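In what follows, a single structure is set out as structure tokens and then discussed.
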Amino acid sequence: MPSDRLFGPSLATPAMAAAVSDVAWLNALLRFESALAAAESRLGMIPENAAAAISTACDAERFDIDAIGAAAVSSANPLLPLLDELRRGVGESAAHYVHHGATTQDAMDTAMMLVARDALDLLIGNLSALAAECASLARRHRGDPMAGRTLMQRALPITFGLKCANWLIGVVEARAFLDRIREHRLAVQLGGAVGTLEAFGGGGLELTAALASELDLPAPEAPWHSIRNRIGELAAGLAIAAGAAAKIAGDIVLLAQSEVGEVAEADPGRSSAMPDKRNPVHAIESRASFAGVIANAGVLLASLPGEHERAAGSWQAEWPALSEAFRQAAGSVARATEALTGLRVDTARMRENLPPHVGAEPDVGSAEVIIDRALAIYSREES
């Protein structure tokens, strides 16, 4: 995982780094334990005073996160040392009811959903900002001709507005996919030791619904310990979001080449060797972040065929991979937005770069239909 201080600022955003930080995970784990106790108390499974003591003790400020992380080495997860501290904190009479009937994966998976929910809200907002920049450029340059390029070669004329409209459609579709995950595919996890809810008698499904209500997360149809489709969908959604941004960034890098010179970032970067050189650094950072998302999405997708009722290794690998995928997806989208903000568009150079056989007024009227369609899709999704 890149350093927060040296590499993190260029590959993530401060808000996303905080949303998926170790502190955010700790808070999510404690929210699970507090909500579980509250739900069990409401259903008469544990005493009310025990639930109250657990809720009071679930304060992240009371816990030494460095010590918990160090102790996690001996248990392959941070929950066990966290529970040890929590049981000491609630007192002897309530300690027995901490984490009552649950298993480690219940807490870790639900915490992952809570972290993902907050992170998705941020990323969806990032995509909205990127979509707004694309829409603005599509409107402004709807009639400005430029060379279409296929297989890296000049082809028939298009308009720069059409290129921006195509960017817009990709971003809007990526945001819609994440919206669906946010609303329908996050869920609490509760199954107990082997996913049978055995510790709760016949009340396991009722408890799951009560826990879901406490955490404002959907209740699944059944425990999903060994069914990692939700995680795979998150991986795909993050890769698609970052890919939509990296597509824009890649086009900017190509159009900003000295030999092309059709666009330039408003705030380009410097060169250590050539003081007069101006680099499209935000687009470059967007592409770099995308590469990180793809690597971590691969880790998440590799968890799909986990062994038996609880995976050995692939499940544990999900936690840092999901956090890093979110960090770099936000970085990719934010840097692409910065690349487009104030983008300098040289429409005269675009005309100069048209193929020689194209006349002074190329026929690009058909591009208007696609631009209007893209803007209509954008307006519909915004409403």
(1) among the charged types (D, E, K, R); (2) open to solvent by 10 Å² or more (accessible area, probe 1.4 Å); (3) within 21 Å of H225 (Cβ to Cβ): which one isn't true of R373, the others all being true?
(3)
Limited to segment 2-42, what total is found for residues that are exposed (fewer than 15 other Cβ atoms within 10 Å of the Cβ) and over 19 Å from the mean Cα position of the chain (by Cα)?
2
R142, sole failed condition from (1) touching a Phe, Trp or Tyr at 6+ places or on another chain (Cβ under 9 Å); (2) more than 30 Å from A19 (Cα to Cα); (3) assigned to a helix (DSSP H, G or I):
(3)
For segment 22-54, name all the residues that are in contact (Cβ under 8 Å) with a residue 24 or more places away in the chain and in a loop (DSSP other than H, G, I, E, B).
L43, M45, I46, P47
Looking at R154, R139, R180, can you tell me which residue is open to solvent by 50 Å² or more (accessible area, probe 1.4 Å), at pLDDT below 95 and touching a Gly at 6+ places or on another chain (Cβ under 9 Å)?
R154
Restrict the check to segment 351-368 and report whether at least one residue is of a type in the set (A, V, I, L, M), assigned to a helix (DSSP H, G or I) and modelled with pLDDT under 95.
yes
Please list, ordered by residue number, the helices (runs of 4 or more DSSP H) wholly in segment 225-343 having 2 or more residues that are farther than 23 Å from V20 by Cβ and open to solvent by 20 Å² or more (accessible area, probe 1.4 Å).
229-255, 281-301
Examine segment 346-366 for a residue that is open to solvent by less than 70 Å² (accessible area, probe 1.4 Å), within 28 Å of D179 (Cβ to Cβ) and out of contact with any Phe, Trp or Tyr (no Cβ under 6 Å at 6 or more places or on another chain), and state whether such a residue exists.
no
The condition of being within 23 Å of the chain's Cα centre (by Cα) and more than 30 Å from V188 (Cβ to Cβ) holds, among E233, E285, only for E285
Only unsatisfied item for A147, checking (1) in contact with a Cys (Cβ under 9 Å, 6 or more places away or on another chain); (2) part of a strand (DSSP E or B), is (1)
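The values are calculated or read from the model by the stated rules, or taken from the named source; none is laboratory data. Keep in mind it's a predicted model, so treat the numbers as computed, not measured. Heads up, the Cβs are rebuilt from the backbone with ideal geometry, glycines too, and the neighbour counts pull from every protein chain shown. Ligands, DNA and RNA are excluded from the accessible area calculation, which covers all protein heavy atoms including side chains. Shrake-Rupley method; radii C 1.70, N 1.55, O 1.52, S 1.80 Å.
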